[in-house]
1. Among the numbered criteria (1) at pLDDT 95 or above; (2) touching a helix residue (DSSP H, G or I) at 6+ places or on another chain (Cβ under 8 Å); (3) of a type in the set (Ser, Thr, Tyr), which single criterion is violated by THR187?
2. Please work out if LYS290 is in contact with a Gly (Cβ under 8 Å, 6 or more places away or on another chain), in contact (Cβ under 8 Å) with a residue 40 or more places away in the chain and surrounded by fewer than 17 Cβ atoms within 10 Å (Cβ to Cβ).
3. What helices (runs of 4 or more DSSP H) lie completely within region 26-115 and have 2 or more residues being over 29 Å from HIS200 (Cβ atoms)?
4. Name every residue in region 211-228 that is touching a residue at least 40 places away in the same chain (Cβ under 8 Å) and under 28 Å from ARG25 (Cβ atoms), in order of residue number.
5. Confirm whether PHE112 is among the hydrophobic types (A, V, I, L, M, F, W, C) and farther than 30 Å from ILE210 by Cβ.
6. Which of the residues spanning region 156-165 are surrounded by 11 or more Cβ atoms within 10 Å (Cβ to Cβ) and farther than 14 Å from ASN250 by Cβ?
7. Is it the case, given these coordinates, that SER60 is among the hydroxyl-bearing types (Ser, Thr, Tyr), out of contact with any Phe, Trp or Tyr (no Cβ under 9 Å at 6 or more places or on another chain) and without any contact (Cβ under 8 Å) to a residue 40 or more places away in the chain?
Amino acid sequence: MIPFTDITPADREIITAFTMVSDRRNCDLSFSNLCSWRFLYDTQYAVVDNLLLFKFWAGSQLSYMLPVGKGNLKEVIHLLMEDAEQEGQSLCLLGVCENSRDELEAILPGHFVFTEDRDYADYIYLRTDLATLTGKKFQAKRNHVNKFRNTYPNYEYRPITLDRIAECRELEAEWCRVNNCEQQEGTGNERRALLYALDHFEELGLTGGILHVDGQIVAFSFGMPINHETFGVHVEKADTTVDGAYAMINREFASRIPEQYIYVNREEDLGIEGLRKAKLSYQPVTILKKYMACLKEQPVNMLKW
């Protein structure tokens, strides 16, 4: 079997050596996401033939990520088929984007069934759009930002440092209380991933910012690069009683993302109507489709290589 090992924060240099030079922009490849959600998916990784591999368990369902790197993809896909077969399952690959789907079809035509789920498409924006909010299409967003500035002229934006993690945790707890997290399916998992990220902030390579009004935190956001041109924003929380706090933390954080990152990936909407509306309102340049690619029912030894 492939020598998979559990992913930990200590593996950041190994993982990002592959992901940062990749052209793939999906949020699934963020090192922070891979580590923070390991508790739910038992995430493992391996490096084989200069390709980075990931293995996940969603309950009893085994899945893999399409390998990342410059090795012989066809041969390594074959190894993944054998690995899945030894686990008693058929190969399924997660997070397969359009280009990757074409690549997979080119090397193994007709061997996979591709299934798209709109709820898990990534929202990708131009960093300059989020940082400047220029143009007619962002007029409503500018209005929210200007109202915040006029209402709270003494606001402060500060980077998240280790001594400020505690106040982020406090705001998250209050946000959860106001939004009845315990009543909402899946929120417990999101909280656990978020708190893990805060507790391992520097190890994961995260950066973020806090918005203060009169010395009190009203919003925070954080993320990390996904590849050489795309920055992933993983978390954005704000005090819902402070009008414009979400728009302001979004703009302030985006304006501090290094200019080398042309794009900002703000992840999926999970089919939540309000979240979808909010993400669309920021005018994404791409809604990145992602597919699950599952091997058709046929024995591995019958496949033509």
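The values are calculated or read from the model by the stated rules, or taken from the named source; none is laboratory data. Because the structure is predicted, anything quoted here is derived from the model rather than measured. Every residue, glycine among them, receives a Cβ derived from its backbone with ideal geometry; neighbour counts consider all protein chains shown.
1. Condition (1) is where THR187 drops out.
2. Numbers: in contact with a Gly (Cβ under 8 Å, 6 or more places away or on another chain): yes; in contact (Cβ under 8 Å) with a residue 40 or more places away in the chain: yes; surrounded by fewer than 17 Cβ atoms within 10 Å (Cβ to Cβ): no.
It is false that LYS290 is in contact with a Gly (Cβ under 8 Å, 6 or more places away or on another chain), in contact (Cβ under 8 Å) with a residue 40 or more places away in the chain and surrounded by fewer than 17 Cβ atoms within 10 Å (Cβ to Cβ).
3. On the way: elements: 31-36, 38-41, 73-86, 98-107.
Because the criterion is at least 2 residues that are over 29 Å from HIS200 (Cβ atoms), the helices (runs of 4 or more DSSP H) in region 26-115 that meet it are 73-86, 98-107.
4. Our first condition is that a residue be touching a residue at least 40 places away in the same chain (Cβ under 8 Å); within region 211-228, this holds for 211-214, 217-220, 222-228.
Result: LEU211, ALA219, PHE220, PHE222, GLY223, MET224, PRO225, ILE226, ASN227, HIS228.
5. Numbers: among the hydrophobic types (A, V, I, L, M, F, W, C): yes; farther than 30 Å from ILE210 by Cβ: yes.
Judged against the criteria, PHE112 is a match.
6. Taking region 156-165 first, the residues surrounded by 11 or more Cβ atoms within 10 Å (Cβ to Cβ) are 156-161, 164-165.
Passing the criteria: GLU156, ARG158, PRO159, ILE160, THR161, ARG164, ILE165.
7. Working: among the hydroxyl-bearing types (Ser, Thr, Tyr): yes; out of contact with any Phe, Trp or Tyr (no Cβ under 9 Å at 6 or more places or on another chain): yes; without any contact (Cβ under 8 Å) to a residue 40 or more places away in the chain: yes.
Yes; evaluated as a whole, the condition is true for this residue.
Residue-wise test of (1) loosely packed, with under 14 Cβ neighbours inside 10 Å; (2) in contact with a Lys or Arg (Cβ under 9 Å, 6 or more places away or on another chain); (3) in contact (Cβ under 8 Å) with a residue 60 or more places away in the chain; (4) under 24 Å from ARG192 (Cα atoms).
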site: ASP11; (1), (2), (3), (4): no, no, no, yes
site: ALA17; (1), (2), (3), (4): yes, no, no, no
site: SER30; (1), (2), (3), (4): no, no, yes, yes
site: LEU34; (1), (2), (3), (4): no, no, no, yes
site: LEU51; (1), (2), (3), (4): no, yes, no, no
site: GLY71; (1), (2), (3), (4): no, no, no, no
site: PHE112; (1), (2), (3), (4): no, yes, yes, no
